[in-house]
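Reviewing the structure listed below.
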Amino acid sequence: MKDNFGREISYLRVSVTQRCNLNCVYCGKSDCAKKETELSPETIEKLVRAFVKCGINKVRITGGEPLVRNDICEITKRIHSIEGVETLALTTNGVYLAQYAKDLKKAGLDSVNISLDSTDGSTYRHLTGADVLRKVLEGIDEAQSAGLSPVKINAVLMKGVNDDGAGELINLAKNRNIDVRFIELMPFSDEGENASLIVTGEEILKEFPFLRPIDYKEGTARYYSADGFKGRIGLINPITQKFCSDCNRIRLLSDGKVKPCLGYDTAFDIMRFIDDEDRLVEEVKNIILKKPAGHSFENKNAGHGLNRTGG
Ligand code: SAM
């Protein structure tokens, strides 16, 4: 369905947990290992069904870290079983991906985005608090051999922290059929609020002038490639090139609240209608109509950390 600004809302991001096995410096301020109540696979299915009745056809499972849930394959299978879900994707830090990739594919997962901000072991450890780079690289291999497609890498660059590794990340798209996307740092943490750390999409293009725009449109990224590249480079510029007028997203948080915009803390509870599908659908429609025109990252730390919201 269309929201009040004429945008067709067709993409639901479902956060299945706030827990995370990493502690990325830019992600948020809360405790990543915190215990919380999580929705059961059955409840998640009921909620997603209501969203699909409102016009959602693409679903992304995210978190926290979705693969810390040992029922992640059941969640995937249940969402895949909903008629009207045309694309089912997952965003993960990749640490447990090697062990889950084949089962996730079997459960109906189409594609995967893997967060990887550096291919250098000590920088990776500094950014995430864990010495698990090798596991993430294995996860990327397994995702490809399981037939998940596309496999994309998401990277956030920060000046003086990991921006010197941009070339190595770009090389992943040169050598493999992988899209590497750089996301501008958003203000969700002390690091995120430090604007001097942001590496903009424009700065990346200046540093790698061999990247040429290509005629490929998908989501919020602008895509580039270069001679001999097997994959693509994507630039996602929420700070310098707001894409709110094209935003087709809505978010279901891990506690069952619905968040219409990443840039605001506002979230609506619909769990009290969980056993009344017609009412659920009605509420979801009302919430879609409350989606604001755009985020307000200019006002700094406008929303919850992504570990809470789901990236
Ligand atoms: N645990 C999963 C993962 O690591 O991909 C899913 C959740 S994570 C919050 C999703 C994405 O949000 C990651 O790609 C991460 O880099 C991105 N992210 C987190 N904080 C960010 C920030 N301040 N600015 C830009 N992207 C951010």
> Rounded to the nearest 0.05, what FRET efficiency is calculated for Asp71 and Asp164 with R0 set to 51 Å and r the Cβ-Cβ distance?
Replying inline: 0.80
> Using θ = phi - 60° and the Karplus curve 6.51 cos²θ - 1.76 cosθ + 1.60, what whole-Hz ³J(HN,Hα) does each residue of region 89-100 get, with Gly and Pro shown as x?
Replying inline: 10, 9, 10, 9, 7, x, 4, 9, 5, 4, 6, 10
> Taking the chain as a Gaussian network, where each spring joins two C-alpha atoms under 10 Å apart, which residue of Phe51, Phe210, Phe229 fluctuates the most?
Replying inline: Phe210
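How many percent of DSSP beta bridges within region 11-309 run antiparallel, rounded to 5?
Working: 12 of 41 bridges.
Of those bridges, close to 30 percent are antiparallel.
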> Which pairs break 29 Å Cα to Cα here: Lys217/Lys285; Lys46/Lys105; Lys53/Lys259; Lys135/Lys285?
Replying inline: Lys135/Lys285
> Short version: ³J(HN,Hα) in whole Hz for each residue of region 225-237, in order, from phi by Karplus 6.51 cos²θ - 1.76 cosθ + 1.60 (θ = phi - 60°), x for Gly and Pro, what are they?
Replying inline: 8, 8, 3, x, 7, 7, x, 10, 10, x, 10, 10, 10
> Percent of accessible area on region 11-309 owned by carbon and sulfur, 1.4 Å probe?
Replying inline: 46
>> Quick one: 3J(HN,Hα) in Hz for region 68-84, Karplus 6.51/-1.76/1.60 with θ = phi - 60°, rounded, Gly and Pro as x.
In response: 7, 7, 7, 9, 4, 5, 5, 4, 4, 4, 5, 5, 4, 6, 7, 5, x
>> If the elastic network links every pair of Cα atoms under 10 Å, which of Leu205, Leu185, Leu137 fluctuates the most in the Gaussian network model of the chain?
In response: Leu205
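How large is the Kirkwood hydrodynamic radius of region 118-237, in angstrom, based on all distinct alpha carbon pairs? Don't jump to the answer; show the numbers that get you there.
Numbers: mean 1/r = 0.0668 Å⁻¹.
About 15.0 Å for region 118-237.
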> For Ala226 and Ala293 in one chain, what is 0.36 nm times their gap in residues minus the Cα-Cα distance, to one decimal in nm?
Replying inline: 20.6 nm
> So who's got an amide H within less than 5 Å of the one on Gly219, skipping anything under 5 residues away but keeping other chains? H placed 1.01 Å off N, in plane.
Replying inline: none
> So who's got an amide H within less than 5 Å of the one on Phe268, skipping anything under 5 residues away but keeping other chains? H placed 1.01 Å off N, in plane.
Replying inline: Val258, Lys259
>> I need the peptides 274-284, 94-104, 234-244 ranked by packing, meaning the mean over residues of other C-beta atoms within 10 angstrom, with the highest value on top.
In response: 94-104, 234-244, 274-284
> Against the longest principal axis of the chain, how steep is helix 133-145, in degrees 0 to 90 to the nearest 10, with axes from Cα atoms?
Replying inline: 70
> Using modelled amide H (1.01 Å from N, peptide plane; none on Pro or chain starts), what sits under 5 Å from the amide H of Ile198, excluding residues fewer than 5 places away?
Replying inline: Lys159
> When the chain is modelled as a GNM with alpha-carbon springs shorter than 10 Å, which of Glu193, Glu184, Glu83 fluctuates the most?
Replying inline: Glu83
>> Going by Cα centres, region 206-259 and region 161-199 are how many Å apart?
In response: 12
> What Kirkwood radius, in Å to one decimal, follows from the Cα pairs of the chain?
Replying inline: 19.6
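The values are calculated or read from the model by the stated rules, or taken from the named source; none is laboratory data. Computed from a prediction, not measured in an experiment: that's the story for all the values here. Backbone-built Cβ (ideal geometry, glycine too); neighbour counts: all protein chains shown. Protein only, heavy atoms only, side chains kept; ligands, DNA and RNA dropped before computing areas. Shrake-Rupley method; radii C 1.70, N 1.55, O 1.52, S 1.80 Å.
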